[in-house]
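The values are calculated or read from the model by the stated rules, or taken from the named source; none is laboratory data. Everything numeric here is computed off the predicted structure, so don't read it as measured data. Because the Cβ atoms are built from the backbone with ideal geometry, glycine has one as well, and the counts that use them run over all protein chains shown. Ligands, DNA and RNA are stripped out before the accessible areas are found, and what is left, the full protein with its side chains, is counted by its heavy atoms. Shrake-Rupley method; radii C 1.70, N 1.55, O 1.52, S 1.80 Å.
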Amino acid sequence: MKIVFLLTVGLERPSGLRYAGLARGLARRGHKMTVLALHPDFDQARPRRYRSDGVDVHYVGQMHARKVGSAPGRFSPLRLLSVVVRSSAALAWAAAAADGDCIHLGKPQPINGMAALLASRVRPRPLYLDCDDYEAGSNRFSADWQRALFAWWEDRIPTRAAGVTVNTAFLAERVAGLGVAREHIVHVPNGVDLQTFRPQPTVLVDALRTAMGLRGRRVVAYVGTLSLQNHPVDLLLDAVPALVRREPRLLLLLVGGGEDLSKLQQRVSADHLQSVVRFTGHVSRSLLRVLLGVAEVTVDPVKDDAVARARSPLKIFESLALGVPVVTADVGDRRMLLADGRAGELVRPGDPSALAEGISHLLEDEPALRTKGERARAHVRAYDWDNLAGRFETVYG
């Protein structure tokens, strides 16, 4: 089957990794895969067309924000309007010309949604949709009308699709509530490339610990976007004093960039936590694998809200693949992802004290820490992208 993915994100961005993994998995299952996407820095994107692991990738325009390095840049209202119009037109043109039996939207957003509808008028084909987030709640908007527009598209595109894939049970129920028949909804969580994310050589991890001055420290890591609207990293900072009282050797490593990087850095400075909390900024995927190996525990701090229930965090799968247990709250699908707590610790959501207790419990029981790490690696095998691609393709009937 010839499948065209239509994306508003680059494949290197966190949201794009889902589609990169699924596209490769589908290609290995014999499908002809084409990815049409928007780039976070289109002017500097080279090459804009390439083939990788059996997938043809074509960047055709600029994302709605310029995301380079640790601090993403926002466009002015007029510049944003120009970007949206030009990128929608470029996606529509590329989709109409693409050799595919169907179009599969990655995210129900206005840019790719309008492009798919326009392309379908030129060349009618079945339209499928993937929902991997609660878009109206998770995106940061500068005006209420933007949020209203996103919400309108998010509620209507599913009803125009021949089938819908989702990454959480919460989104499956939400889409069903919009009127999509359950037999046309396929639940496919996020996953990990187990050939890439595997424990790194001990000598490499030890060398990095030495280079970073981490010898003798108990390293706990958060990996992900530093955007408080979606990722309440402040809960983790609230837990630090209690953690340090129980483990004076603690070092909290915050890996990633985002809109609130400087805000969080200012808070750490104001609270005099510089000796305990370290920021890395944005890092490459290859360095990330080694940095995760430096950690004994990783943390996914969440509140119990729609944004958290709609998420299937990539950081959890990548941590488990490296044998690093995860501490997170019992929200959405996270209990399933941690094998009922056998691959980590489940705590109360939105509670810094519970977060501190869960992390401390693992650090203070090293045999349990090792056992949960081994269980994590065994459990995550079911979430290899190749396995998930087999489930994903069932949406095409």
Given the condition at pLDDT 95 or above, buried (at least 20 other Cβ atoms within 10 Å of the Cβ) and more than 28 Å from TRP145 (Cα to Cα), answer yes or no: does some residue in the range 45-56 qualify?
yes
Against the condition under 25 Å from SER312 (Cα atoms) and touching a helix residue (DSSP H, G or I) at 6+ places or on another chain (Cβ under 9 Å), how does GLY106 come out, does it pass?
yes
VAL347 passes all but one of the listed conditions (1) free of Cβ contacts under 8 Å to residues at least 24 places away in the same chain; (2) open to solvent by 40 Å² or more (accessible area, probe 1.4 Å); the exception is number (2)
Of the residues in the range 192-225, those that are modelled with pLDDT of 95 or more, open to solvent by less than 20 Å² (accessible area, probe 1.4 Å) and either in a loop (DSSP other than H, G, I, E, B) or more than 25 Å from GLN265 (Cβ to Cβ) (or both) come to VAL192
- Task: Check whether at least one residue in the range 279-287 is surrounded by fewer than 19 Cβ atoms within 10 Å (Cβ to Cβ), basic (Lys, Arg) and modelled with pLDDT under 95, and report yes or no.
- Result: yes
Exercise for review: Inspect all residues belonging to the range 71-78 and state whether any of them is part of a strand (DSSP E or B) and of a type outside the set (Asp, Glu).
Suggested key: yes
Pairs returned, first residue in the range 59-73 that is in contact (Cβ under 8 Å) with a residue 40 or more places away in the chain and polar (S, T, N, Q), second residue that is buried (at least 16 other Cβ atoms within 10 Å of the Cβ) and in a loop (DSSP other than H, G, I, E, B), beta-carbon separation under 9 angstrom, 6 or more apart or interchain, are SER70/LEU226; SER70/GLY257; SER70/GLY258; SER70/HIS282
Reported set for the range 331-344 where residues are open to solvent by less than 10 Å² (accessible area, probe 1.4 Å), in a loop (DSSP other than H, G, I, E, B) and over 9 Å from ARG375 (Cα atoms) is VAL331, LEU338
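Please go through the range 108-130 and give me each residue that is outside any helix (DSSP H, G or I), open to solvent by 10 Å² or more (accessible area, probe 1.4 Å) and touching a residue at least 24 places away in the same chain (Cβ under 8 Å), ordered by number. Outline the logic, then answer.
Restricting attention to the range 108-130, the residues satisfying the condition of being outside any helix (DSSP H, G or I) are 108-109, 123-130.
Within this subset, residues satisfying the condition of being open to solvent by 10 Å² or more (accessible area, probe 1.4 Å) are 109, 123-128.
Those that are outside any helix (DSSP H, G or I), open to solvent by 10 Å² or more (accessible area, probe 1.4 Å) and touching a residue at least 24 places away in the same chain (Cβ under 8 Å): GLN109, ARG123, ARG125, PRO126, LEU127, TYR128.
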Can you confirm whether ARG140 is open to solvent by 70 Å² or more (accessible area, probe 1.4 Å), assigned to a helix (DSSP H, G or I) and modelled with pLDDT under 95?
no
Review point. Is it true that some residue in the range 365-384 is surrounded by fewer than 23 Cβ atoms within 10 Å (Cβ to Cβ), closer than 30 Å to CYS102 by Cβ and of a type in the set (Ser, Thr, Tyr)?
Key: yes
